[in-house]
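Student: Pasting a structure below so you can have a look.
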Amino acid sequence: MTTAAIRRLARLVTAHIDGPLLSATLLLLGVSLVVIFSGSNQNFTRVTSQTVSMLVAFGVMYVFANIPPHFLMRIALPLYVLGVLLLICVAAFGDVVNGARRWLHVGVTRIQPSEIMKIAVPLMLAWYFDRYEATLKFKNYIIAAVLLVVPVGLIVRQPDLGTALLISAAGCYVMFLAGLSWRVIAALATAGAASVPLLWGAMHDYQRQRILTLFDPSQDPLGAGYHTIQSTIAVGSGGIFGKGWLQGTQTHLDFIPERTTDFIFAVYSEEFGLLGNMLLLILFLLVIARGTMITANAPTLFTRLFGGAITLTFFTYAFVNMGMVSGILPVVGVPLPLISYGGTSLVTICLGLGILMSIQTHKKLVQS
Amino acid sequence: MSELIINTGVELRNSRLEIHNFRLRLAIALGFVLLMFLLLLARFFYLQVIQHEHYNTLAEANRISIVPIAPNRGIIVDRNGVVLAHNYSAYTLEITPGRVEDLDALINDLATVIEITPKDRRRFKKLLEESKSLDSLPIRTRLSDEEIARFAAARYRFRGVEINARLFRQYPKGEMFSHVVGHIGRINQRELDKLEEEGKDANYKGTDYIGKVGLEDSYEKDLHGTTGVEEVEVDSGGRAVRTLSRSAPVSGSNLVLKLDAKLQEIVYQAFGDYRGALVAIDPTTGGVLAFVSKPGFDPNLFVDGIDTQNWKELNESPDRPMVNRALAGTYPPGSTFKPFMALAALTYGKRRPEQTISDPGGFNFGGHFFRDDKVGGHGLVDMYKSIVVSCDTYYYMLANDLGIDNIARFMRTFGFGSPTGIDIKGEAQGSLPSQEWKMKRFRQKWYAGETISVGIGQGYNAYTPLQLAQAVATIANDGVTFKPHIVDYVEDIVTHKHTVIEPQPLRTLELKPEHLKVVKDAMIGVNKEGTGARAFAGASYVSAGKTGTAQVVALKQGEKYVASRVTERNRDHALFIAYAPADKPKIALAVLVENAGFGARAAAPIARMVIDYYLLGKQPTPLKAAGENNDDGRD
């Protein structure tokens, strides 16, 4: 083979990979391994297993980067319907793990249908708005809202508040970007604010207490508030420069719960301090900025809406997780994208990033 | 076709507008993203810069646990180094009640692995009632190696139960020293409050025990030592990960006593089955050589909390073993009061030594006949004879001549009726009768007739054996009184510095040497030819003494005391005071034998044994210790 042939093959193989997005992702994954090593008390098995997950996620990213967006449009409806059916199955006979019914046995393995919906719901809505692009009316927004509420309602019942929140956010982003009128947005915001006291009045005392604890962890320092208090201490004690890698006392003396998964940011923040936090925010912003750029230049309404939803959902993951760890948001089970230990969310996020790459690299094809 | 084109044109225009709108919204969304990230950044800045100190402190507090290390308690030894209180290390099985749901079930379950007697259970129950709530409490002490192994194998079943190595206090001499050395016990809530009040609670973190009575109590400050501190890094489960810093505890100081354990033992045995008390003092320093109150109790029972049954037995025993008779028991001094009365007479010029009275066998005052012990009387009696033969009539008359207030004023200078200030707590004051005293105590005026029996140490007179011993020591030491003290010196075991409890002269009585000589000579006469002669027959040293018998129940007018007619507990108390050698006294003592009858028979032989041992190192021959019946007249 000639060098030219090799070069051409290489170009063919990498044709649908977006360089900037890939670079930012790789940097974040590098950070992830460093922090998981510390958070797991220097457990190489964890690092190795996460590396394997990363390779799988890269495979998924590569595959989806190479799938043209119009193919995704074709599977939008079937995937959505399948997802909702699976959620109903979960509700009917799913496995209960840690008090929540989220898993469904499929042959030898078990799957978490709500994870599918993270992609399927924005995909469905983007496809739906794209389909009625020429004749969008208020009615279509109502239908879109129903398409969103059904799966979210099923997921809330599991209960999986974190996932439900992320999916509703994704759906709302699609509707917002699809041009939901400002008046409706204002009306919804007012109605939402007005319903708070009504809902509050209708709640039981224990429910109120639970919500109060969500917002003020010091009310229940040994129970629900414990995680937030300890993670806030970890962040605050990190200071400007951090305690140094593997030196976090909150981390290594077991005060931080879920140190490699949902609360991994506490570990990072304790050991790398404010400077580390700024670096991480910049890396996340790089991904978001690149996603926004791709979305802004996307050729069709479908790709614009879907790409926008993926980008903003990525932001939501990061914001909700860091907000929760630093004590300004209630604790909901949302991992830190690309950093937290665990294969499922990593694959889902890389899949989304792969779709962004696909949108970017298939642009010319659509235009031509 | 054209329509299609127009349509397309509209669509294209719409699409351009749409893209514009979309990008605007995307820009708004991006603005929102930036705003939210700025919010996070502000939060990070607040936590990590502004509040950093605060959170750093919290993280350190999380991480570091301050563990107190209790100091070893000082030991207590006698003047020759014989150990009276020491510590030994042993394993205990402890339960933390706060971590156990069903305590009874747990103990039943534990009993299948390690023997737990009903006594252990009772003691644990009592501890549970008294303890600070978070403590771990011992259910069994002194575990054997086999028991430890058995528990270790089954420990997963027992949440809140653990084995700890602890230091235990032990009193090898048991009840013999129970009233001097006292004992420690677990700190109760009242003591804890007191420690907090005094600001000493920090030094008691990690200490479970505190001195309860005796020297253990009064020298608590010296014995306890200084608690050490270990800074330990702990994980979220509270398990120690590593030690960060350590300041070692400083062991408590040792007490070296003036007491002679052997002497104490001799006294204890000499009492036989009798109850009573003996205090022997070095008159030149106030150092206490023997301090016995019998019966005693086993102080070891109290160390880890006494069980209810033993507690009940001790408390309800008619022998009242918990009462420190030497320190807190008050008794009429009987005829041992006479030498002091004689000194009062000389000092106030009411009698000359050679002045005689005629004893018809009693004294008539106000229609009452105060009987002398000897039927028909002692005939002509001067001061010497009045003490040697213990003539009551002489002192009836003398008391009447002196008057109660003079007697009180004089006796007070000897320390009668006031605490001596000895270095253990719980001293009784006794009562020294006077007009004022009676008015205060009974709101009644004094009757002159009441003075008469005070003259022979009866009536309202009531003093502790310790006061009596101190008074004898004062005579022996020619009027110089020292504060009695049991501890010779406190030995700092780190620096080996000895803090000597210096002899502390309390007062020097203004007694004329010639007056003292008269009384001292008479007291020598007692042991040579008088009521104490039999007990001191053949002694190789010259001693001085005085017998006494104290009535427990008042006799009716004209009634004669017959021991066999009186129930055992109502029989007279036997007393004896003595010092020796007479020319240069090294030991002064007071003995009281409860319900033993005559001082000459029951109390004087004990005094003899003590002095023989102390001066000559002579071990007592197994003689009949305290005489049973009497063939002597009353003294």
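The values are calculated or read from the model by the stated rules, or taken from the named source; none is laboratory data. Small disclaimer: the values here were computed from a predicted structure and weren't measured. All Cβ positions, glycine included, derive from the backbone under ideal geometry; neighbour counts span all protein chains shown.
Student: Please tell me if residue B:521 is of a type in the set (Asp, Glu), surrounded by fewer than 24 Cβ atoms within 10 Å (Cβ to Cβ) and either modelled with pLDDT of 90 or more or closer than 26 Å to residue B:381 by Cβ (or both).
Tutor: Values: of a type in the set (Asp, Glu): yes; surrounded by fewer than 24 Cβ atoms within 10 Å (Cβ to Cβ): yes; either modelled with pLDDT of 90 or more or closer than 26 Å to residue B:381 by Cβ (or both): yes.
Yes; evaluated as a whole, the condition is true for this residue.
Student: Among the helices (runs of 4 or more DSSP H) lying completely within the range B:71-185, list those that include at least 1 residues that are closer than 30 Å to residue B:229 by Cβ and in contact with a strand residue (DSSP E or B) (Cβ under 9 Å, 6 or more places away or on another chain).
Tutor: Those helices (runs of 4 or more DSSP H) span B:118-130, B:145-154.
Student: Condition check: buried (at least 19 other Cβ atoms within 10 Å of the Cβ), at the interface with chain B (Cβ under 10 Å from one of its Cβ atoms) and either in a loop (DSSP other than H, G, I, E, B) or touching a residue at least 12 places away in the same chain (Cβ under 8 Å) (or both). Does residue A:304 satisfy that?
Tutor: It is true that residue A:304 is buried (at least 19 other Cβ atoms within 10 Å of the Cβ), at the interface with chain B (Cβ under 10 Å from one of its Cβ atoms) and either in a loop (DSSP other than H, G, I, E, B) or touching a residue at least 12 places away in the same chain (Cβ under 8 Å) (or both).
Student: So, one more: Looking at (1) more than 21 Å from the chain's Cα centre (by Cα); (2) modelled with pLDDT of 80 or more, which is the one condition that is false for residue A:201?
Tutor: The number of the failed condition is (2).
Student: Another question, then. Considering the range B:154-181 alone, what residues qualify as being closer than 17 Å to residue B:208 by Cβ and within 18 Å of the chain's Cα centre (by Cα)?
Tutor: Within the range B:154-181, B:169, B:170 qualify.
Student: May I pose another question? Hey, does the range A:154-173 have a residue that's part of a helix (DSSP H, G or I), free of Cβ contacts under 8 Å to residues at least 12 places away in the same chain and within 29 Å of residue A:61 (Cα to Cα)? It would help to see each step written out before you state the result.
Tutor: Taking the range A:154-173 and keeping what is part of a helix (DSSP H, G or I), we get A:154-157, A:161-173.
Filter once more, keeping what is free of Cβ contacts under 8 Å to residues at least 12 places away in the same chain: A:156.
Applying the additional criterion that residues be within 29 Å of residue A:61 (Cα to Cα) yields A:156.
Checking the range A:154-173: at least one residue is part of a helix (DSSP H, G or I), free of Cβ contacts under 8 Å to residues at least 12 places away in the same chain and within 29 Å of residue A:61 (Cα to Cα).
Student: Answer yes or no: is there a residue in the range A:9-29 that is among the basic types (Lys, Arg), farther than 18 Å from residue A:347 by Cα and either loosely packed, with under 13 Cβ neighbours inside 10 Å or in contact (Cβ under 8 Å) with a residue 24 or more places away in the chain (or both).
Tutor: The answer is yes; a qualifying residue exists.
Student: Related question: Please go through the range B:83-94 and give me each residue that is surrounded by fewer than 18 Cβ atoms within 10 Å (Cβ to Cβ) and farther than 28 Å from residue B:116 by Cβ, ordered by number.
Tutor: B:83 - this is the single residue of the range B:83-94 that is surrounded by fewer than 18 Cβ atoms within 10 Å (Cβ to Cβ) and farther than 28 Å from residue B:116 by Cβ.
Student: Only residues that are under 20 Å from residue A:118 (Cβ atoms), over 11 Å from the mean Cα position of the chain (by Cα) and more than 8 Å from chain B (Cβ to nearest Cβ): list them for the range A:307-325, please.
Tutor: Matches in the range A:307-325: A:307, A:324.
Student: Quick one: would you say residue A:328 is at the interface with chain B (Cβ under 10 Å from one of its Cβ atoms), farther than 22 Å from residue A:179 by Cβ and assigned to a helix (DSSP H, G or I)?
Tutor: Criteria not met by residue A:328.
Student: Still on this structure, I have one more. Looking only at residues in the range B:291-320 that are touching a helix residue (DSSP H, G or I) at 6+ places or on another chain (Cβ under 6 Å) and in a loop (DSSP other than H, G, I, E, B), which one is surrounded by the fewest Cβ atoms within 10 Å (Cβ to Cβ)?
Tutor: B:298
Student: Same structure again: Please count how many residues of the range B:518-549 are of a type in the set (Lys, Arg) and assigned to a helix (DSSP H, G or I).
Tutor: Looking only at the range B:518-549, we keep the residues that are of a type in the set (Lys, Arg), and these are B:520, B:528, B:534, B:546.
Subsequent filtering for residues that are assigned to a helix (DSSP H, G or I) retains B:520, B:528.
Qualifying residue count, the range B:518-549: 2.
Student: Here's another thing I want to ask about it. In the range A:222-274, how many residues are part of a loop (DSSP other than H, G, I, E, B) and either within 18 Å of residue A:338 (Cα to Cα) or within 11 Å of chain B (Cβ to nearest Cβ) (or both)? Working first, answer last.
Tutor: Applying the first criterion (part of a loop (DSSP other than H, G, I, E, B)) to the range A:222-274 yields A:222-224, A:239-248, A:253-263.
Retained after the next criterion (residues that are either within 18 Å of residue A:338 (Cα to Cα) or within 11 Å of chain B (Cβ to nearest Cβ) (or both)): A:239-243, A:248, A:253-263.
Total meeting the criteria: 17.
Student: Between residues in the range B:31-52 that are more than 7 Å from chain A (Cβ to nearest Cβ) and more than 22 Å from residue A:289 (Cα to Cα) and residues that are assigned to a helix (DSSP H, G or I) and not aliphatic (A, V, I, L, M), which pairs lie under 7 Å by C-beta distance while being six or more apart or on different chains?
Tutor: Within 7 Å, no pair qualifies.
Student: Which count do you get for residues in the range B:500-548 that are within 28 Å of residue B:418 (Cβ to Cβ) and over 36 Å from the mean Cα position of the chain (by Cα)?
Tutor: 7
Student: Looking at the structure I just gave you, is residue B:468 surrounded by fewer than 23 Cβ atoms within 10 Å (Cβ to Cβ) and assigned by TED's automatic domain parsing to the domain that holds residue B:415?
Tutor: no
Student: Here's another thing I want to ask about it. With respect to residue A:299, determine if the residue is without any contact (Cβ under 8 Å) to a residue 60 or more places away in the chain, part of a loop (DSSP other than H, G, I, E, B) and within 11 Å of another protein chain (Cβ to nearest Cβ).
Tutor: So residue A:299 fails the test.
Student: Take the residues in the range B:425-462 that are modelled with pLDDT of 90 or more and aliphatic (A, V, I, L, M); name whichever of them is nearest to residue B:409 (Cα to Cα).
Tutor: The residue in question is B:432.
Residues are listed down the side, and each one gets a yes or a no for (1) at pLDDT below 90; (2) β-branched (Val, Ile, Thr); (3) within 30 Å of residue B:295 (Cβ to Cβ):
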| position | (1), (2), (3) |
| --- | --- |
| B:328 | no, no, yes |
| B:356 | no, yes, no |
| B:365 | yes, no, no |
| B:371 | yes, no, no |
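Student: Determine if the range A:342-352 includes at least one residue that is away from every other protein chain (no Cβ under 14 Å), of a type outside the set (Val, Ile, Thr) and not in a helix (DSSP H, G or I).
Tutor: So in the range A:342-352, the residues away from every other protein chain (no Cβ under 14 Å) come out as A:342-352.
Add one more test, that the residue is of a type outside the set (Val, Ile, Thr), and what stays is A:342-343, A:345-346, A:350-352.
Narrowing the set further to residues that are not in a helix (DSSP H, G or I) leaves A:342.
Yes: the range A:342-352 contains one or more residues that are away from every other protein chain (no Cβ under 14 Å), of a type outside the set (Val, Ile, Thr) and not in a helix (DSSP H, G or I).
Student: Checking residue A:312 against (1) modelled with pLDDT under 95; (2) in contact with a Leu (Cβ under 9 Å, 6 or more places away or on another chain), only one condition comes out false. Which one?
Tutor: (1)
Student: Evaluate the range B:54-67: report whether one residue or more is among the aliphatic types (A, V, I, L, M), more than 10 Å from every other protein chain (Cβ to nearest Cβ), in a loop (DSSP other than H, G, I, E, B) and under 30 Å from residue B:185 (Cα atoms).
Tutor: Checking the range B:54-67: not a single residue is among the aliphatic types (A, V, I, L, M), more than 10 Å from every other protein chain (Cβ to nearest Cβ), in a loop (DSSP other than H, G, I, E, B) and under 30 Å from residue B:185 (Cα atoms).
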